[in-house]
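The values are calculated or read from the model by the stated rules, or taken from the named source; none is laboratory data. In this text, all values refer to a predicted model and were calculated from it rather than measured experimentally. Neighbour counts run over all protein chains shown; Cβ positions are idealised from the backbone, glycine included. In case anyone asks, the SASA skips ligands and DNA or RNA and just uses the protein heavy atoms, side chains included. Shrake-Rupley method; radii C 1.70, N 1.55, O 1.52, S 1.80 Å.
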Amino acid sequence: MSWGTELWDQFDNLEKHTQWGIDVLEKYIKFVKERTEIELSYAKQLRNLSKKYQPKKNSKEEEEYRYTSTRAFLATLNEMNDYAGQHEVISENMTSLITGELTRYVQELKQERKSHFHDGRKAQQHIETCWKQLEASKRRFERDCKEADRAQQYFEKMDADINVTKADVEKARQQAQLRHQMAEDSKAEYSSTLQKFNSEQHDHYYTHIPNIFQKIQEMEERRIVRIGESMKTFAEVDRQVIPIIGKCLDEITKAAESIDHKNDSQLVIEAFKSGFEPPGDIDFEDFTQPMKRTISESSLSNSRGDGKSEPKFGGKSKGKLWPFIKKNKSPKQQKEPLSHRFNEFMTSKPKIHCFRSLKRGGAGPEDFSNLPPEQRRKKLQQKVDELNKDIQKEMDQRDALTKMKDVYIKNPQMGDAASVDHRLAELGQNIEKLRIEVQKFEGWLAEVEGRLPPRTEQARRQSGLYEAQNTSAVNSCAQDRESPDGSYTEEQSQETEMKVPATDFDDEFDDEEPLPTIGTCKALYTFEGQNEGTISVAEGEMLYVIEEDKGDGWTRIRRNEDEEGYVPTSYVEVYLDKNAKGAMTYI
């Protein structure tokens, strides 16, 4: 039973059938893959379920697990976790032994099928070419025979005509002989071609096609065997974990059998037993006779009395209520951490701190002044880091374009160097804008961290932020409030502005001794000091250093007796004077 002999004329149907077989194999692969996903999902849900009901550490639930029933439940949860692990094993084994192997086999099968049918089409094309050659030879033989007959008839006609010259008759005779010779040649060629075609056709249908179809049959049978083996593996993977799953179930059964109801009842007694005797009988009181009421020591009236006769019983009863009374934290304990942090923020260098009003539209202010101090510091630091990343990205682009421009200058044939100037200028502007933003946020950050003096009214008028605030609603100071639970809130005052005389801050710093110079520095870039405590410098300007960078990215410099402040350390090149004796010198 061979496809080569039985199905020699079913090339197209075999092609469709083998493609269907590959589709069935791919469908089975998809089925196994979805099964593995279900196993993983089931295992995950089992683990989450086990985790959900696990006792929390340092909680009341841990005390409940001294009972045998709850300990058995905990053992069940642990076994369910192991049970979930076995489903993960099923998923992993099916993925590696079935899905992965069959996926590779399908690729190999497709390549083999493509090769076999390519050979089959090639054989068909060859036999069709031989058939076309046979048909052409046959038509040519037929045509030459007809031409020879016409030439013979023409010669006979010329020979019978007495008016035709002898030369014309001879010419017609030669033409007839030539046509007969061509017909003979065509006949011989047609015969040779026919024999060749018959030989090729015999080889095609009895050798080439049977061999190709035999290979296709073997390929298809291997596919069928492979999918059967995969189905066996599918069952075997499940069978391998059954003993372990059985052990998990046995452990759950063992945990259930370990439950001791008598022991749990005894634990309840030990946990809640008070040790008191039940109250005795109440004596009858006869009010018809003036009798003195007799009170038994064990009567219920002792427990209902004012506690003077049995202070121990009364005190004990009152004590039993304590575990059920929720102890509230004192106001000092609730508010001290937040108040302490807020007071540190309010009592740092600035005498009075006024939160900036919120922007229009409900959004927070740009400097995050609506947030508590620590949250505001984190937000500002995050903003500075983001801007520095943007600056580094722009600088990388600028460096790349600069290198490209250098290449263009050295090799003009590669491009026009002037074509990148516009982009370089644009990147320079972007970098400058980002640096200004960084300066602004670093100033606010330094203000929050107490490294720079707070904003004054004069400095506000110098900054563009003050003008933007004047165009909006009147600034209102945020008053710190603490809710009863100790949370931080912020309220705006009723359209009043807290005005601080300049002398409040001047008096604080007038008594300080000026810092001595410890070196000089050269400004590498222009810096616009718009924030309080900063100073503007021009590129190439020489200034005196009075306080070096403490690790916060700022250096304190002096221009003259009245001008000093902070600049970013990255904007200046510092030359420290190791022999400086503290003498004050001004530019």
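Points worth noting:
- Evaluated with a Cβ-only charge set (Lys, Arg +1; Asp, Glu -1), region 79-209 carries a dipole of roughly 1000 debye about its Cα centre, given to the nearest 20.
- The charge dipole of region 507-577, taken about the Cα centre with unit charges on the Cβ atoms of Lys, Arg (+1) and Asp, Glu (-1), comes to about 540 debye, rounded to the nearest 20.
- Net length gained if the chain between residue 150 and residue 562 were fully extended (0.36 nm per residue, minus Cα distance): 135.5 nm
- Counting only protein heavy atoms and using a 1.4 Å probe, the accessible area of residue 288 comes to about 110 Å².
- Too-long pairs where the Cα-Cα distance tops 20 Å, listed order kept, from 138/187; 122/187; 379/550; 16/232; 16/110: 122/187; 379/550; 16/232
- Here residue 22 and residue 129 are evaluated by their C-beta separation; at R0 = 25 Å the FRET efficiency comes out at 0.25.
- Estimated FRET transfer efficiency when R0 is 22 angstrom, pair residue 8-residue 139 (beta carbons, to 0.05): 0.15
- Point-charge dipole on Cβ atoms (K/R +1, D/E -1) for region 1-132, about Cα centre, debye to 20: 540
- Summing charges over all other residues whose Cβ lies under 10 Å from the Cβ of residue 541, with Lys and Arg as +1 and Asp and Glu as -1, gives +1.
- Probe 1.4 Å, all protein chains present, accessible-area order of 80, 158, 414, largest first: 414, 80, 158
- Along principal axes, Cα extents of region 1-130, largest first, whole Å: 94, 27, 16
- Counting only heavy atoms of the protein chains and using a 1.4 Å probe, residue 544 has close to 50 Å² of accessible surface.
- For residue 249, neighbours were defined as the other residues whose beta-carbon sits under 13 Å from its Cβ, and their charges (Lys and Arg +1, Asp and Glu -1) total -3.
- Between residue 45 and residue 538, the distance separating the two model label sites (each 7 Å from Cα on the Cα→Cβ line) works out to 7.5 nm.
- With a simple spin-label model that places each label point 7 Å from the Cα along the Cα-to-Cβ direction, the separation between residue 268 and residue 162 comes to 15.2 nm.
- Cβ-derived FRET efficiency at R0 56 Å, residue 222 paired with residue 178, nearest 0.05: 0.30
- In plain terms, the chain from residue 401 to residue 170 could stretch by 73.9 nm, reckoned as 0.36 nm per residue minus the Cα-Cα distance.
- Selection from 235, 182, 201 lying farthest towards where the dipole of region 158-259 points positive, charges on Cβ: 235
- Geometric descriptor of region 80-183, per residue, is 89 Å³ (volume of the convex hull of the Cα atoms).
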